[in-house]
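Please read the structure below before turning to the comments.
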Amino acid sequence: RPGLKQAPGFFSNEDRIGHFFPVNATETTLEEIVHHETTHQIAYYAMPAKGNPTALPHFWAWEGLAAYFESVENKDGKVLIGNPNQLRLRTCREAVAKVAHVPWKDFVMGTQREMSGRYPQAAGMIHFLMNAKKGAYREKLAAYLKIVHEASAQADTFEKVFGVKPEEMEPEWIAYVKGLK
């Protein structure tokens with residue numbers, strides 16, 4: 001397919017496996033790329049796609065989940081995730097500090113095509129939804145991811161699942177990201 005060989009990897013809903021290409025010009029490491037695409041593959045089998053979720057709004061969440069899992073690391077014999085200094089999360093922190101992020105009301109409406117260059121913010125948003133308030137949003141995030149991957153997301157899916165409009169949650173996220181060290 002056109003354009004795919006420019007990416008260092010991708011997961012295909014068609015053959016249900018990850019594909020990797022030897023692309024030299026990438027900021028992410030091979031290990032991070034494998035973590036990203038493997039997350040897509042595992043998530044696909046946990047919540048199989050119905051239809052084409054990539055063309056619908058809210059697909060940012062699936063890319064954010066995979067980008068968040070790029071941060072998996074083995075440190076002192078422990079497997080950790082969510083290091084705020086990992087490339088995507090560090091880039092998100094920098095964008096928030098410069099007020100250079102996309103407003104949530106616009107961001108959540110993104111399809112896969114609109115994700116180019118936005119993976120850091122998606123990773124930061126998932127980090128927040130996974131970890132803020134000791135995981136208080138985690139169950140709702142799982143429900144949201146399921147709706148998105150079932151290709152049944154509508155314009156108001158975020159609000160229906162989380163109980164608030166995206167722009168109402170954004171200030172809490174900004175404070176959370178600014179507090180990451």
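The values are calculated or read from the model by the stated rules, or taken from the named source; none is laboratory data. In this text, all values refer to a predicted model and were calculated from it rather than measured experimentally. Methodologically, a virtual Cβ is constructed for each residue, glycine included, from the backbone with ideal geometry; neighbour enumeration extends over all protein chains shown. The area values use the complete protein model at the heavy-atom level, side chains included, leaving out ligands, DNA and RNA. Shrake-Rupley method; radii C 1.70, N 1.55, O 1.52, S 1.80 Å.
Within segment 118-129, identify whether any single residue is open to solvent by 10 Å² or more (accessible area, probe 1.4 Å) and without any contact (Cβ under 8 Å) to a residue 12 or more places away in the chain, and answer yes or no. Within segment 118-129 (the criterion being open to solvent by 10 Å² or more (accessible area, probe 1.4 Å) and without any contact (Cβ under 8 Å) to a residue 12 or more places away in the chain), the answer is no, since none of the residues qualifies.
Going residue by residue through segment 4-11, is there one that turns out to be at pLDDT 90 or above, among the aromatic types (Phe, Trp, Tyr) and either open to solvent by less than 20 Å² (accessible area, probe 1.4 Å) or in contact with a Leu (Cβ under 7 Å, 6 or more places away or on another chain) (or both)? Reasoning before the result, please.
At the first step, the residues of segment 4-11 found to be at pLDDT 90 or above are none.
No, because not a single residue in segment 4-11 is at pLDDT 90 or above, among the aromatic types (Phe, Trp, Tyr) and either open to solvent by less than 20 Å² (accessible area, probe 1.4 Å) or in contact with a Leu (Cβ under 7 Å, 6 or more places away or on another chain) (or both).
The rows are residues; the columns are (1) in contact (Cβ under 8 Å) with a residue 24 or more places away in the chain; (2) open to solvent by 20 Å² or more (accessible area, probe 1.4 Å); (3) within 24 Å of THR28 (Cα to Cα).
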{"position": "TYR68", "(1), (2), (3)": "yes, no, yes"}
{"position": "LYS78", "(1), (2), (3)": "no, yes, yes"}
{"position": "ASN85", "(1), (2), (3)": "no, yes, yes"}
{"position": "LYS140", "(1), (2), (3)": "no, yes, no"}
{"position": "GLU159", "(1), (2), (3)": "no, yes, no"}
{"position": "PHE162", "(1), (2), (3)": "yes, no, no"}
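Here is the figure for segment 146-157: residues that are at pLDDT 95 or above and open to solvent by less than 20 Å² (accessible area, probe 1.4 Å) total 1. Being open to solvent by 50 Å² or more (accessible area, probe 1.4 Å), more than 28 Å from ASN13 (Cα to Cα) and at pLDDT 95 or above holds for only one residue in ALA175, ALA95, and it is ALA175.
Counting only helices (runs of 4 or more DSSP H) wholly contained in segment 50-115, the ones carrying 2 or more residues that are more than 18 Å from THR157 (Cβ to Cβ) occupy 60-68, 87-97.
Filter segment 126-181 for residues that are among the charged types (D, E, K, R), over 19 Å from VAL102 (Cβ atoms) and not in a helix (DSSP H, G or I) and give the result. Give the steps one after another, and end with the answer.
Filtering segment 126-181 down to residues among the charged types (D, E, K, R) leaves 133-134, 138-140, 146, 150, 156, 159-160, 165, 167-168, 170, 172, 178, 181.
Add one more test, that the residue is over 19 Å from VAL102 (Cβ atoms), and what stays is 133-134, 138-140, 146, 150, 160, 181.
Hits for segment 126-181 are GLU150, LYS181.
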